[in-house]
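Inspection log for the structure reproduced underneath, given as structure tokens.
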Amino acid sequence: MEEIPWFECDDNDLEPAQREFAHVLQDRARFWPVQPIDTVLLPADHTPYGWLLAYLDIDDPRHNCIVLTVGVHFDGARARGDKLHNQDFTLPSNPTALALDVTGSPLATANRTADWFEAILRRPIVRNEWLHAGVVYATRYSYADTGTGLSQGYEASLAPPGRIKRLTAAGFDRGDGWGNTFGLGQPDRVVHVRGTDTTQ
């Protein structure tokens, strides 16, 4: 069976600068702790800004869910990266602490972008879990080193009775019975997901 390449693309869809940028990412990604299928390269005519887009999904392999999508839009001389919207792949209106904005030759920009991806992949991610009757009803993925939240989930049907009402009263209900985990207090369990485990 033929192996799927990282940041798979058809070179004919790319301009020379884009091709050089893509090849650096493809070469460097072979050593990253992600599967090729988690890396995506989209030609400029398929992206929201009309720039080449390289992104990757960072997942929780034990729970088969995407924790964070990060990527870079490249115009041939400039790369702008950050956490991306997981459906339209746009950059946030206000850059996050993850933001990247670099300019230079395609080779230099690609290498700085690869360094950025690698730094993000090294950061320790944990899954915070809240339990009721021995069952997880809420989760929040966050960086272990800063506590910055990445994504979260809440299952109202598994939560303790009255929990969503208390969250609503405290301003932590986002509607439709969906609770914001920041209103739950300390988690019952913290599980290391990926990156450098700072607990050892």
Two pseudo-spin positions, 7 Å from Cα along C-beta at Leu107 and at Arg189, lie apart in nanometres by 5.0 nm
One finds, for Ser157 and Thr96 with R0 = 45 angstrom and r their Cβ-Cβ distance, a FRET efficiency to the nearest 0.05 of 0.90
Between the Cα axis of helix 16-29 and the main Cα principal axis of the chain, the angle (0 to 90°, nearest 10) is 50 degrees
Per residue, accessible area of the chain with a 1.4 Å probe, heavy atoms of protein chains only, in Å², comes to 54 Å²
Val40 neighbourhood, Cβ < 9 Å, K/R = +1, D/E = -1, net charge -3
Distance in Å, no decimals, from the C-alpha centre of region 1-51 to the one of region 90-145 is 19 Å
Taking protein heavy atoms only, a 1.4 Å probe, and rounding to whole percent, the accessible area of the chain owed to carbon and sulfur comes out at 49 percent
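According to the Kirkwood expression over distinct Cα-Cα pairs, how big is the hydrodynamic radius of the chain, in Å?
18.4 Å
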Of the convex hull enclosing the alpha-carbon atoms of region 26-105, the direction-averaged projected area in nm² is 5.9 nm²
Unit-weight point scatterers at every alpha-carbon of region 105-150, Debye formula, q = 0.17, 0.19, 0.33 1/Å: log10 I(q)/I(0) is -0.62, -0.69, -1.05
Tilt, helix 106-122 to longest principal axis of the chain (alpha-carbon atoms), in degrees rounded to tens, equals 20 degrees
About its Cα centre, the chain carries a charge dipole, from +1 on Lys and Arg Cβ atoms and -1 on Asp and Glu Cβ atoms, whose size in debye to the nearest 20 is 1120 debye
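Normalise the Cα radius of gyration of region 15-72 by 2.2 N^0.38 Å (N = residues in it) and let me know the number.
Dividing the Cα radius of gyration by 2.2 N^0.38 Å gives 1.22.
The values are calculated or read from the model by the stated rules, or taken from the named source; none is laboratory data. In this text, all values refer to a predicted model and were calculated from it rather than measured experimentally. A quick note on method: Cβ atoms are made from the backbone with ideal geometry, for glycine too, and the neighbour counts reach across all protein chains shown. For accessibility, only protein heavy atoms count, side chains too; no ligands or nucleic acids. Shrake-Rupley method; radii C 1.70, N 1.55, O 1.52, S 1.80 Å.
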